[in-house]
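Trainee: Shown below is the structure under consideration.
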Amino acid sequence: MSQAATVMVKGMEEDLRKRMSGLMQPRLEFILDRPATEWRADDAAFFMKELLIKEGYAESKVDWELPGNNLILLRVSLGVKYVIGKIYTTSNNPITEELLDDYFTQPVIQRELTKRERAPYLKDYPAEGAANVENYLKSEGYWDAKVEVAQVTKHSNGKVDIRLTMKRGLVHQVLTPKFTGVTAEHKTSLKKIYRPYIGKIANSVNITEMNNLINKFYRDKGYQFAKISVSSMHQHTKPVGIQIQFDVDSGNRYRIRKIFVEGNKKTQDQRFNRYIGPLEGAIYDEAKANEVAKKLLLTGAFETVRIIPEKVNSNELDLVLEVIESKPRFIRAYGGVASFDGLVLGSSYTNQNFLKKLQTFNIRTEISNRGLLGEISLTEPYFAGVPISQTTRIYALQRRFDGYKKALTGLETSFTWKPNNYYAAKLSGTVEYVKLAPDGLTPIEIGPDDYLNTRFTLEQTLDFRDNPVLPTDGYHARWLLEQGSINGDFSNSYLRTDLKTSYRYSFENNSRLVFRLNAGAIFPSESNDLPVDLRLFSGGADSVRSFGEREQGALAQSGDPLGGEAYWNASAEFVQPFNDLFSGVIFLDAGKLVREASDLSFSNPSYAAGLGLRIDLPVGPARFEYGFNLNQQPGESSGAFHFSIGAQF
């Protein structure tokens, strides 16, 4: 068997030689598997020359030799490397120099996978760059724009400056669109959709939005297979603009006859009916079908879920629900550190398809410097066949607070309704057996210490944030209303309400403002018989940050917080990202905690100002913050440091 050839390259620096050799390797497979010959050496030289040209060495030379021993020797003379230099125009330029450079160099950077400073110059690239700039101008509404290469200047240092001529023309506006194939009834409805866009700049954003809304109109009407083709016509007389023509073939509306499930092995067949049942017999709506697929994925029991429509006749279709089941059981361990809880370690076992019923069974344990927690829960995502999730939870807790210790066992059942992505309502009923023990506070200051607490809670949430884990924009609010009764050595009842709101506004440079307002109150039938663990506390990382956790307000003789019946706190923050990971923050907080709810007012609050550092992690921001007490009262600290993980409310 003949010996295989080897290729040696001379005349290049080591880094460039290695890179070129790596790029050549796939092309040389045929040559390297066979003996060295003249035509194979010529092919190797051709490949090398082609790669060097793409690197900007347009004047390079590659000669080959066959010195023997099946060696192909390539001798390279690089010449000057030409890279794209300054891109400029002397014409009336409607875009910034930065955008001009970005769009001109975009084709070569994407094709050659290189950085801007290394973007090679080839004779074909300037025309491509000019065309890309022209397309950008058209997308901004300058539909008559013309961009051409006027001058190319090569410098001895390898830089190639390129001057463009730009004729942008007049900005076009959106004209009244034309339709074919639509009914008179649909024309009236479509007019309401496109009317707000008439007279706006005919840029890609406005045209795309209008097109998407018209397509959505037909989907919402049940015409899921409608074919809508789009063309445009220029009008050069005043008003100068673009008229879009929509040629519509709406087709038929299809009713869902049957739904078949494929790929299911571990899940009981009837459990799918809770999700797909409402679709049968209804007009096919792709968005609603996809929502069903999304809900099935969220159970965690499936890796993939696909819904495929199959036409049966001109009016009916069947849906095939294809699933690939996942491994529903997993064990998780976690850990963290917080300024109040100290070290936190936990573990959990989860089965997301418990008893093959798409129910979630969870066991969790957690230990921290403050105590222990254990709980068992079972969640039914479709309670009684309706889209309301029901969770039953049994739990036990031992926890040490400043001034007292708490031990409880509890049983809770809750119902959560989430009709859309923004609103959720949760109704829960809870029974807890609670024992409290002094750890600084006196028995009188603790209040009832051995009792049964029965309560009913309604919690409503609005969430318009862009991201629930690392939010940068949007509004968030949560309101809680709770009615409870205490039975033990003393009997008492109470009504509690709590409101937490926040608003985030982002600027173009990614800096943002964050505003937060929280307020709450508890109204017991007997204030003197309200246990300390039901009182409200303030101060800490999510409150007035010049105080330690729960340390705002009246203190006992032991120095431990006593809590109160009502509070409010507010804050304003300015957050400046340094990069994708780190951000700096400055803040101003204000708040007040009062012993009796009737004394709550906005006069004489505590003020805090401070600064901090945040690190954006996948689980939420790690927050390092220090708050200075601006109106320090006797017995209060001058400030407090806080560390926590997770976004403020």
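The values are calculated or read from the model by the stated rules, or taken from the named source; none is laboratory data. Here the structure is a predicted model, which is why all the values come from computation and not from measurement. Cβ: placed from backbone, ideal geometry, glycine included. Neighbour counts: every protein chain shown. Note: areas computed on protein heavy atoms with side chains; ligands, DNA, RNA excluded. Shrake-Rupley method; radii C 1.70, N 1.55, O 1.52, S 1.80 Å.
Trainee: Aspartates and glutamates within cross-link reach of LYS592: Cα-Cα under 15 Å, excluding same-chain residues under 8 positions apart?
Mentor: ASP498, ASP542, GLU549, GLU551, GLU565, GLU636
Trainee: At R0 = 51 Å, how high is the FRET efficiency between TYR433 and TYR626 if r is their beta carbon distance? Nearest 0.05 is fine.
Mentor: On the way: r = 40 Å, r/R0 = 0.78.
Working from the Cβ atoms, E equals 0.80.
Trainee: Calculated FRET efficiency, PHE456 and ASN211, Cβ-Cβ r, R0 56 Å, to nearest 0.05?
Mentor: Numbers: r = 50 Å, r/R0 = 0.89.
For R0 = 56 Å, the calculated efficiency reads 0.65.
Trainee: Do any of LYS227/LYS265; LYS146/LYS192; LYS406/LYS426; LYS356/LYS426; LYS406/LYS500; LYS216/LYS265 go past 31 Å between their Cα atoms, and which?
Mentor: Values: LYS227/LYS265 37 Å; LYS146/LYS192 35 Å; LYS406/LYS426 26 Å; LYS356/LYS426 26 Å; LYS406/LYS500 26 Å; LYS216/LYS265 36 Å.
Over 31 Å apart, Cα to Cα: LYS227/LYS265; LYS146/LYS192; LYS216/LYS265.
Trainee: Check the straight Cα-Cα distances from LYS49 and name the lysines below 28 Å, setting aside those fewer than 8 residues away within the same chain.
Mentor: Cα-Cα hits under 28 Å: LYS10, LYS18, LYS61, LYS81, LYS86, LYS115, LYS123, LYS154, LYS159.
Trainee: Where the accessible area of segment 470-605 is counted over protein heavy atoms with a 1.4 Å probe, how much of it, in %, is carbon and sulfur?
Mentor: Within segment 470-605, the accessible surface is 54 percent carbon and sulfur.
Trainee: Sequence-distant or interchain residues sharing an amide H contact under 5 Å with ALA202, placed H: which?
Mentor: It is HIS172, GLN173, VAL174, by chain and number.
Trainee: Could you run the Karplus curve 6.51 cos²θ - 1.76 cosθ + 1.60 with θ = phi - 60° over segment 268-280 and give me ³J(HN,Hα) per residue in whole Hz, x for Gly and Pro?
Mentor: Listing the rounded values in order: 4, 4, 5, 5, 5, 4, 5, 8, 9, x, x, 7, 5 Hz.
Trainee: Any idea of the accessible area per residue across the chain, 1.4 Å probe, to the nearest Å²? Write down the numbers at each step before the final one.
Mentor: Working: 34360 Å² over 649 residues.
Result: 53 Å² per residue.
Trainee: Taking the Cα centre of each part, how many Å lie between segment 512-547 and segment 367-429?
Mentor: 21
Trainee: Quick check: convex hull of the Cα atoms in segment 230-308, volume per residue, rounded to a whole Å³? If you can, show how the numbers build up before the last one.
Mentor: Working: hull volume 12.2 nm³, N = 79.
Here the figure is 154 Å³ per residue.
Trainee: I need the P(r) histogram for the chain: all alpha carbon pairs, bin width 20 Å from 0 out to the longest distance, whole percents.
Mentor: Calculated P(r), rounded to whole percents: 13, 30, 33, 21, 4, 0.
Trainee: So how much slack lies between ALA407 and ILE363, counting 0.36 nm per residue of separation and subtracting their Cα-Cα distance, in nm? All intermediate terms of the calculation are to be shown ahead of the outcome.
Mentor: Working: separation 44, 0.36 × 44 = 15.84 nm, distance 1.92 nm.
My answer for the length gained is 13.9 nm.
Trainee: Can you tell me how much longer the chain between GLU98 and SER156 gets when fully stretched, taken as 0.36 nm per residue apart minus their C-alpha distance, in nm with one decimal?
Mentor: Stretched fully, the GLU98-SER156 segment lengthens by 18.4 nm.
Trainee: How many percent of DSSP beta bridges within the chain run antiparallel, rounded to 5?
Mentor: Numbers: 206 of 228 bridges.
Around 90 percent antiparallel, to the nearest 5.
Trainee: Per residue of segment 491-506, in order, report the coupling 6.51 cos²θ - 1.76 cosθ + 1.60 (Karplus, θ = phi - 60°) as ³J(HN,Hα) in whole Hz, putting x for Gly and Pro.
Mentor: So the Karplus estimates, Gly and Pro as x, are 10, 7, 9, 8, 10, 10, 9, 8, 10, 10, 9, 8, 9, 10, 10, 9 Hz.
Trainee: Fully extended, how many nm does the chain gain between LEU345 and SER511 (0.36 nm per residue separation, minus their Cα-Cα distance)?
Mentor: Answer, rounded to one decimal: 56.4 nm.
Trainee: Using the alpha-carbon centroid of each, what span in Å lies between segment 88-110 and segment 448-465?
Mentor: 58
Trainee: Test of understanding: given the chain, find the longest segment containing no GluC sites (Glu not before Pro) that are in a DSSP loop and have at most 11 other Cβ atoms within 10 Å. Present the calculation step by step, with values, prior to reporting the outcome.
Mentor: Working: sites that count: GLU13, GLU508.
Counting at most 11 other Cβ atoms within 10 Å as exposed, the longest clean stretch of the chain is 14-507.
Trainee: Could you give the dipole magnitude of the chain about its Cα centre, charging the beta-carbon of Lys and Arg +1 and that of Asp and Glu -1, in debye to the nearest 20? It would help to have the intermediate numbers written out before the result.
Mentor: Working: 79 positive and 78 negative charges, 399 e Å.
I would put it at about 1920 debye.
Trainee: I'm checking a number: the convex hull volume of the Cα atoms of segment 184-285, normalised per residue, in Å³. What is it? Don't jump to the answer; show the numbers that get you there.
Mentor: Numbers: hull volume 15.4 nm³, N = 102.
Hull volume over Cα atoms, normalised by residue count, gives 151 Å³.
Trainee: Of TYR103, TYR284, SER603, which is farthest on the positive side of the dipole of the chain, counting Cα position, with +1 on Lys and Arg Cβ, -1 on Asp and Glu Cβ, and the Cα centre as origin?
Mentor: It is TYR284.
Trainee: Okay, next question. On C-alpha positions alone, give me the angle between the axis of helix 125-139 and the longest principal axis of the chain, in degrees, nearest 10.
Mentor: Helix 125-139 sits at roughly 50 degrees to that axis.
Trainee: Can you give me the angle between helix 97-112 and the longest principal axis of the chain, using Cα atoms only, in degrees from 0 to 90, rounded to the nearest 10?
Mentor: Between helix and principal axis, roughly 70 degrees.
Trainee: Output ³J(HN,Hα) for segment 83-89: one whole-Hz value per residue in order, computed from phi by the Karplus curve 6.51 cos²θ - 1.76 cosθ + 1.60 with θ = phi - 60°, and x for Gly and Pro.
Mentor: Per residue, the Karplus-derived 3J(HN,Hα) values read 10, 5, x, 7, 10, 8, 8 Hz.
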